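Take a look at the structure below.
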Amino acid sequence: MAILIDRHTRVVIQGITGKYGRNQAQKMIEFGTCVVAGVGPGKQGEEIFGIPIYDTVKEAVEQHRANAGIVYVPPAKARDAALEAIFGGVRLLMIASEGIPVHDAMVIKKVAREKGVWVVGPNTIGLITPGECMIGSLAHEFTKKGSVGIVTRGGTIAIELARILTEAGFGQTTIIGAGGDKIIGRNPAEYLQEFEKDPATKAVVLNGEIGGGKESECAHIIPQMTKPVFAYILGRCAPEGKRMGHIGAIIGSKAESFAEKRRVLAEAGAIVVDTPWQIVEHLKKMGI
């Protein structure tokens, strides 16, 4: 098993007619993801890689039973695209766009929750269930089916963590880039809850970073979990008041600092590590 996506997931891609969306669509199809439709206003009737293009998400859902989508559009247009998908009938939506205005992201999050739609991102690399489904830009060649779940705030680090685990012989159930913006659809704590419910997941890797309170939310969930959670926090050398990479990666208070996040996670029962290779060492000792 896995969380959120599997071989039965049917994907519609908004922005598939753009250069980036087209390239990512090709990678998803080559991986084996069931991409059933694309959306490009004014281009209905066209095809890309044999995938039919529609003017709206609603048409794609009605014609092909699409239940998941991904948005590849500029930040200024992302709110409208996301709301179209939410009202169009998808149950899971990835928003790849980075730098969406905060108010727009808040609107997306609010409406999605009201409609029962799970939003991954904004500013996400996507997610993958190895061997079954990939939605987004993860490097699937570094993944392997197994029993470790991964949730990160970043994108590249998701790939690197998967690579390190795979090379050590530890496969993954699902890997998720939750999103690097300040406002995202679902926070890492909610993914921990999903991994806890998944019988195939035996351990979870939580990658956090400086800024915001998302790791503190995780600290409220971890004591309720029966599965080990390995916490790897980025930003050890980040100075206060300076953004490091992601929009949300800026220390606004002591609670958002590297040291404080490690402290609260350790007190909650997480196994806090200094490097990804320490995760491998722990997994070997536990026999997972």
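The values are calculated or read from the model by the stated rules, or taken from the named source; none is laboratory data. If you're wondering where the values come from, they're calculated on a predicted model, not measured in any experiment. No Cβ is skipped: glycine too gets one built from the backbone with ideal geometry, and neighbour counts run over all protein chains shown. When the accessible area is computed, the model is the full protein with side chains, heavy atoms only, and any ligands, DNA or RNA have been set aside. Shrake-Rupley method; radii C 1.70, N 1.55, O 1.52, S 1.80 Å.
Structural remarks
- Too-long pairs where the Cα-Cα distance tops 29 Å, listed order kept, from LYS19/LYS109; LYS115/LYS202; LYS77/LYS202; LYS77/LYS214: LYS115/LYS202; LYS77/LYS202
- For the chain, the solvent-accessible area of protein heavy atoms averages 42 Å² per residue (probe radius 1.4 Å; ligands and nucleic acids excluded).
- Tilt relative to the chain, helix 156-167 - C-alpha long axis, 0 to 90 degrees, to 10: 70 degrees
- Å³ per residue enclosed by the Cα convex hull of the range 91-131: 54 Å³
- For LEU234, the residues whose modelled amide H falls within less than 5 Å of its own, excluding neighbours fewer than 5 places apart on the same chain, are GLY208, GLU209, ILE210.
- Of the residues ARG153, ARG91, the one with the largest accessible area comes first in the ranking ARG91, ARG153, computed with a 1.4 Å probe on protein heavy atoms.
- Surface composition of the range 76-176: carbon and sulfur atoms hold 56% of the protein heavy-atom accessible area at a 1.4 Å probe.
- The chain, relative contact order in percent, only Cα pairs under 8 angstrom and at least six apart counted: 14 percent
- Rolled with a 1.4 Å probe across the full set of protein chains, the surface gives LEU93 an accessible area near 0 Å².
- Between the listed residues PRO199, ALA96, LEU83, the Cα displaced farthest toward the positive end of the dipole of the chain, a dipole computed from Cβ unit charges relative to the Cα centre, is found at PRO199.
- Summary value for the range 1-145: 23 percent relative contact order, contacts being C-alpha pairs under 8 angstrom separated by 6+ residues.
- Each residue of the range 28-42 was assigned a 3J(HN,Hα) from its phi angle through the Karplus curve 6.51 cos²θ - 1.76 cosθ + 1.60 (θ = phi - 60°); the sequence is 5, 5, 4, 5, x, 4, 7, 7, 9, 6, x, 10, x, x, x Hz, with glycine and proline shown as x.
- Around VAL57: net Lys/Arg minus Asp/Glu count, Cβ-Cβ under 15 Å: +3
- Heavy-atom accessible area, probed at 1.4 angstrom with all protein chains present, ranks THR9, THR166 as THR166, THR9, highest first.
- Extended-chain gain in nm, criterion 0.36 nm per residue less alpha-carbon gap, GLU62 and GLU160: 31.5 nm
- Inter-part distance where the range 75-110 and the range 1-70 are each reduced to a Cα centre, Å: 16 Å
- Sorting TRP277, TRP118 on solvent-accessible area from highest to lowest, probe radius 1.4 Å, gives TRP277, TRP118.
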